[in-house]
Amino acid sequence: MFHSLRYSALVLALFCGMTVPETVQAQQNVSQPANTYSLEDCIRIALETNPQVKQSEITVQTNGNTYEQSKWQRWPSISFSASQGFRSGRNIDPFTNQFVQQNVSSNNYQLGGQVTLFSGFQISNNIKFNNANYQASAKDLEATRNDIMLNVALSYLQVVTNEELIMVAQRQVDASLLQVERTAKLVEAGTLAESNLFDLKSQLANDELTLVNAQNNLETAKLNLKQYMNMPGSEVINVVKIPVKDPTMQAYDASIQEIFETALNNLPQMKAANMRIEASKINVDLAKGAGMPTLTLNGGIYTAYSSAAPKKRFVGDGTGNTTVILPSETDFVVIDNKQVPIMQRVSAPNGSVQNFRYFNQLDFNRNSAINLNLSIPIFNNFRTKYNVANAKLQQKTYEYQAQQVQLTIRKNVEQAYIDMTNAAKRYSATVNQVRALQETFRVSQVRFDVGAINSVEYNIAKANLDRANGNLVQTKYDYVFRTKILDFYMNRPLSDF
């Protein structure tokens with residue numbers, strides 16, 4: 001019976017997890033007894049502690065980070081590098097690029113950047129692809145949460161149903177006990193045979209066993225609920241009973257096709273499947289983009305230091321030149337057998353000799369460059385061809401998976417609709433059965449009290465009524481919650497029970 005209410009339990013979960021009606025807020029304001037949990041409390045605790053939900057949340061966060069990072073691929077990448085070197089013997093001086101025979105220590109610094117101008121639309125397609133994966137994983141998380149809510153609500157429903165069955169069994173025990181006491185007095189008075197008392201005591205024992213079984217079933221249901229809430233099995237818990245009205249037995253106001261079409265537009269698993277199809281289409285464009293030209297722009301600023309560079313250098317001050325007359329050191333004339341230097345007019349920039357220190361050398365050696373690079377793939381061993389083919393096959397796979405999800409939803413909707421119809425028939429028949437058996441038992445009790453029937457006939461009438469009362473409880477929950485399943489598929493409020 002509880003398995004037949006499995007999907008009904010999901011409705012309760014979504015009612016508490018997706019809506020916040022005023023009645024729920026009012027219940028939160030009312031203090032509950034210790035260790036007493038509402039369905040909303042149970043679902044909240046299970047979602048907060050369930051590792052499967054946590055893993056799905058991490059997957060969503062990871063895909064979200066991947067999506068956000070891919071958007072930054074439009075921006076340039078900038079890097080800085082520095083190096084320290086030492087050379088001995090015959091080396092090339094980094095400052096003059098001349099051979100020197102000495103130990104040279106050097107530093108090199110580089111600040112560079114690169115930006116992709118065109119890459120076969122791979123950057124934009126990669127952003128779209130990562131966004132689709134991110135959105136699909138978010139829908140997967142929602143479906144995972146629904147599964148957890150389903151299991152918790154199923155266990156909660158088992159607890160509530162068993163509690164009501166315990167009340168039914170307790171009423172049966174009380175009625176049997178009362179009848180045993182009355183019959184014992186009649187036996188003592190000699191009105192009835194003692195065998196009637198023995199039969200009633202046997203019936204009382206059977207009713208007590210039914211009560212014990214119901215109590216055991218309740219403890220098992222509570223254990224299952226605590227396990228989904230990741231609570232110790234030894235902890236005592238109680239649940240808030242869900243007030244469920246008696247069914248009105250009105251026909252459902254939507255057809256199977258209407259329910260199915262609404263479910264397709266709202267269930268997260270269908271949305272996730274469609275998003276993966278879109279992602280696979282983008283992935284085909286990504287694979288094609290690898291065969292297109294790539295245009296990049298890069299540039300940088302560079303400088304270096306060498307220990308072999310001179311420590312002093314003449315530095316002009318920018319005020320112009322000064323002309324002086326100086327004797328030549330190489331040109332001369334002979335006068336009276338004497339060498340007389342030729343006077344030359346020399347023009348030199350104004351300035352002074354200054355210390356050529358570390359940072360002066362870095363500033364002096366500073367240079368920059370900018371490059372525009374074009375790369376055209378000509379032959380890459382058919383990697384692009386087969387990557388495109390595999391991407392198209394992956395697209396087909398996701399399309400078939402979406403079809404399977406759609407078929408599953410249709411199957412569940414059709415099954416839920418027929419289950420609701422059958423549950424309505426069972427509940428209506430059970431109501432009529434209880435009414436008839438109540439009258440039968442009333443007559444049997446009157447006839448038994450006056451000795452018109454024996455205890456066996458009385459016990460048969462009572463047992464039939466007891467079973468009917470138990471079935472009435474189960475069929476009531478079955479019909480009401482199966483109706484709510486259809487409300488869930490129709491995306492309707494589920495607050496009216």
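The values are calculated or read from the model by the stated rules, or taken from the named source; none is laboratory data. Note that this is a predicted model, so its numbers are computed, not measured. A quick note on method: Cβ atoms are made from the backbone with ideal geometry, for glycine too, and the neighbour counts reach across all protein chains shown. Calculation scope for accessible area: heavy atoms of the full protein, side chains included, ligands and nucleic acids excluded. Shrake-Rupley method; radii C 1.70, N 1.55, O 1.52, S 1.80 Å.
One table, with the values for the structure above:
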| read-out | value |
| --- | --- |
| Segments classed as strands (runs of 3 or more DSSP E), wholly inside segment 309-382, with at least 2 members that are touching a residue at least 60 places away in the same chain (Cβ under 8 Å) | 367-375 |
| Qualifying positions in segment 217-259 - open to solvent by 90 Å² or more (accessible area, probe 1.4 Å) and polar (S, T, N, Q) | GLN227, SER234, THR248, GLN250 |
| Number of positions in segment 223-252 that are among the basic types (Lys, Arg) and touching a Phe, Trp or Tyr at 6+ places or on another chain (Cβ under 8 Å) | 1 |
| Checking SER328 against (1) open to solvent by 70 Å² or more (accessible area, probe 1.4 Å); (2) over 30 Å from GLN110 (Cα atoms), the condition it does not meet | (1) |
| Sole exception among (1) free of Cβ contacts under 8 Å to residues at least 40 places away in the same chain; (2) surrounded by 11 or more Cβ atoms within 10 Å (Cβ to Cβ) for TYR427, by number | (1) |
| One residue from GLU181, GLU142 being modelled with pLDDT of 90 or more, over 30 Å from LEU372 (Cβ atoms) and open to solvent by 50 Å² or more (accessible area, probe 1.4 Å) | GLU142 |
| Entirely in segment 1-111, the helices (runs of 4 or more DSSP H) that have 1 or more residues that are modelled with pLDDT of 80 or more | 39-49, 51-71 |
| Number of the exception - ASP285 against (1) crowded, with 18+ Cβ neighbours inside 10 Å; (2) acidic (Asp, Glu); (3) within 22 Å of VAL480 (Cα to Cα) | (3) |
| Residue check for LYS271: modelled with pLDDT of 90 or more, out of contact with any Asp or Glu (no Cβ under 7 Å at 6 or more places or on another chain) and either aliphatic (A, V, I, L, M) or on the phi < 0 side of the Ramachandran plot (or both) | yes |
| Residue that is at pLDDT 90 or above, small (Gly, Ala, Ser) and either in a helix (DSSP H, G or I) or more than 30 Å from MET275 (Cα to Cα) (or both), where the choices are ALA402, ALA452 | ALA402 |
| Test: residue in segment 315-329 that is modelled with pLDDT of 85 or more, farther than 30 Å from ASP140 by Cα and among the aliphatic types (A, V, I, L, M) | no |
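A quick yes/no check of all residues on (1) within 30 Å of THR96 (Cα to Cα); (2) of a type outside the set (Phe, Trp, Tyr); (3) in contact with a helix residue (DSSP H, G or I) (Cβ under 7 Å, 6 or more places away or on another chain):
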{"position": "VAL353", "(1), (2), (3)": "yes, yes, no"}
{"position": "ASN373", "(1), (2), (3)": "yes, yes, no"}
{"position": "ARG383", "(1), (2), (3)": "no, yes, no"}
{"position": "GLN401", "(1), (2), (3)": "no, yes, yes"}
{"position": "LEU407", "(1), (2), (3)": "no, yes, no"}
{"position": "VAL413", "(1), (2), (3)": "no, yes, yes"}
{"position": "ALA416", "(1), (2), (3)": "no, yes, yes"}
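Residues checked against (1) touching a Lys or Arg at 6+ places or on another chain (Cβ under 8 Å); (2) outside any helix (DSSP H, G or I):
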{"site": "LYS139", "(1), (2)": "yes, no"}
{"site": "THR144", "(1), (2)": "no, no"}
{"site": "LEU154", "(1), (2)": "yes, no"}
{"site": "THR161", "(1), (2)": "no, no"}
{"site": "VAL168", "(1), (2)": "no, no"}
{"site": "LEU192", "(1), (2)": "no, yes"}
{"site": "LEU204", "(1), (2)": "no, no"}
{"site": "ASP207", "(1), (2)": "no, no"}
{"site": "LEU211", "(1), (2)": "no, no"}
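Rundown of residues vs (1) assigned to a helix (DSSP H, G or I); (2) closer than 21 Å to VAL405 by Cβ; (3) charged (D, E, K, R), yes/no style:
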position	(1), (2), (3)
GLN257	yes, yes, no
ALA272	yes, yes, no
LYS281	yes, yes, yes
ALA287	yes, no, no
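Listed here are the residues, each with its yes/no results for (1) exposed (fewer than 13 other Cβ atoms within 10 Å of the Cβ); (2) among the β-branched types (Val, Ile, Thr).
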| residue | (1), (2) |
| --- | --- |
| ASN365 | no, no |
| ALA369 | yes, no |
| LEU374 | yes, no |
| ILE378 | yes, yes |
| PHE382 | yes, no |
| LYS392 | no, no |
